[in-house]
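For reference, the structure is listed below as structure tokens.
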Amino acid sequence: PEKRIKYVLENSKTQIVLTSDKTEEILSNEYKKINVSHQEDFSNLDKTNINNKIELDENAYMLYTSGSTGNPKGVEITHKNILNYIYAVNRELDFNSKKTMLSVTTVSFDIFELELYGSLLNGMKLLLASEKEQINSELLNKLCEKNNASIIQTTPSRILALLEDTENSNYFKSFTEIILAGEPFPLSLLRKLQEITKAKIYNAYGPTETTIWSTLKRIDNRITI
């Protein structure tokens, strides 16, 4: 909503905003706006690395909470927070360069950080599903089979929606890890997944303030169908 956008921009003291043709007009001219709908040719620009040292305690990004109990709060996440999170995840999950992470997550949701940094920092391939592929089971099935997707992270409700199309769910057989977070995980869903895949199934949870996840537990080896 426009009111929320204005609040976040003012509260965060934002100076530069990436916009598109759809969003540029709702922002006042007090911000420097870069319209990504009009992409320029960057191929001829200087490719020299910028000599810019990043400190661990510097902010990597700021993410706003839902604001369900008042105004949204901006949570500052540092580079050290992210590295600590990735190291912790690596102790529990078998991430390696032979695997492909499927992303069906919007980039503004903090669990996307696992897909981005968890895959690239471990030499994995990151497979970004388009908006159409995310909601069309047939297209998603083709994408996953073509690229041998092995890991997915999403919410239980998204998985339930994908499982409704039984004719286009073959890609579940190739998953080695399924990570569900952000919502309650019903036992009935776990049993349904166990019927169609041998993947390790994990339940994760964590508020924005603690950097993505705070808890992670493998559950397919604790309950048998």
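The values are calculated or read from the model by the stated rules, or taken from the named source; none is laboratory data. Everything numeric in this text was worked out from a predicted model, so none of it was measured. Note that we place each Cβ from the backbone using ideal geometry, even for glycine, and neighbour counts take in every protein chain shown. Remember, those area values only see protein heavy atoms, side chains included, never the ligands or the DNA or RNA. Shrake-Rupley method; radii C 1.70, N 1.55, O 1.52, S 1.80 Å.
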Q: Sum -39500 (n - 2.57) across every DSSP H segment of at least 4 residues in the chain, then divide by the residue count to get the 222 nm mean residue ellipticity, nearest 500.
A: -7500 deg cm²/dmol
Q. Cα centroid distance between region 2-23 and region 167-192, in Å?
A. 36 Å
Q: Give me the angle, in degrees from 0 to 90, between the Cα long axis of helix 79-92 and the longest principal axis of the Cα atoms of the chain, rounded to the nearest 10.
A: 10 degrees
**Q.** Gain on full stretching of the segment that runs from Thr65 to Ile135 - 0.36 nm per residue minus C-alpha separation
**A.** 22.7 nm
(Q) Under 15 Å between alpha carbons, and skipping anything fewer than 8 positions from Lys73 in its own chain: which aspartates and glutamates qualify? (A) Glu10, Asp110, Glu209
Q.
What figure, in Å² to the nearest 10, do you get for the accessible area of Val17 with a 1.4 Å probe and non-protein molecules left out?
A. 20 Å²
Q | Angle in degrees between helix 137-147 and the longest Cα principal axis of the chain, rounded to the nearest 10 | A | 90 degrees
Q. Taking the structure as given and computing Cα extents along the principal axes in Å, which label from (1) 55, 38, 35; (2) 42, 39, 36; (3) 59, 42, 36 fits?
A. (3)
Q) What angle, in degrees between 0 and 90 and rounded to the nearest 10, separates the Cα long axis of helix 2-11 from the longest principal axis of the Cα atoms of the chain? A) 70 degrees
Q. Per the 1.4 Å probe, what fraction of the accessible area of the chain, in percent, lies on carbon and sulfur atoms?
A. 49 percent
Q: Would you pull out the residues with amide H under 5 Å of Asn35's amide H, same chain only if 5 or more places away, H placed 1.01 Å from N?
A: Thr19
Q: Add +1 for every Lys or Arg and -1 for every Asp or Glu among the other residues with Cβ under 14 Å from the Cβ of Asn35, and state the total.
A: -1
Q) Spin-label point model (7 Å from Cα, Cβ direction): what's the Lys98 to Ile50 distance in nm? A) 3.8 nm
(Q) Given a 1.4 Å probe and heavy atoms of the protein chains only, how would you sort Leu193, Leu160, largest accessible area at the top? (A) Leu160, Leu193
Q) Among Lys3/Lys33; Lys98/Lys192; Lys99/Lys173; Lys3/Lys132; Lys13/Lys47, which pairs are too far apart, with a Cα-Cα distance over 22 Å? A) Lys98/Lys192; Lys3/Lys132; Lys13/Lys47
Q: Calculate the spin-label point distance for Glu2 paired with Asp165, positioning each point 7 Å from the Cα along the beta-carbon direction, and give it in nanometres.
A: 3.5 nm
Q: Considering only protein heavy atoms, with the full assembly of protein chains and a 1.4 angstrom probe, order Asp57, Asp94, Asp46 by accessible area, largest first.
A: Asp46, Asp57, Asp94
**Q.** the chain, relative contact order in percent, only Cα pairs under 8 angstrom and at least six apart counted
**A.** 13 percent
**Q.** Per-pair calculated FRET efficiency, R0 = 41 Å: Leu128 and Asn29 via Cβ, rounded to 0.05
**A.** 0.80
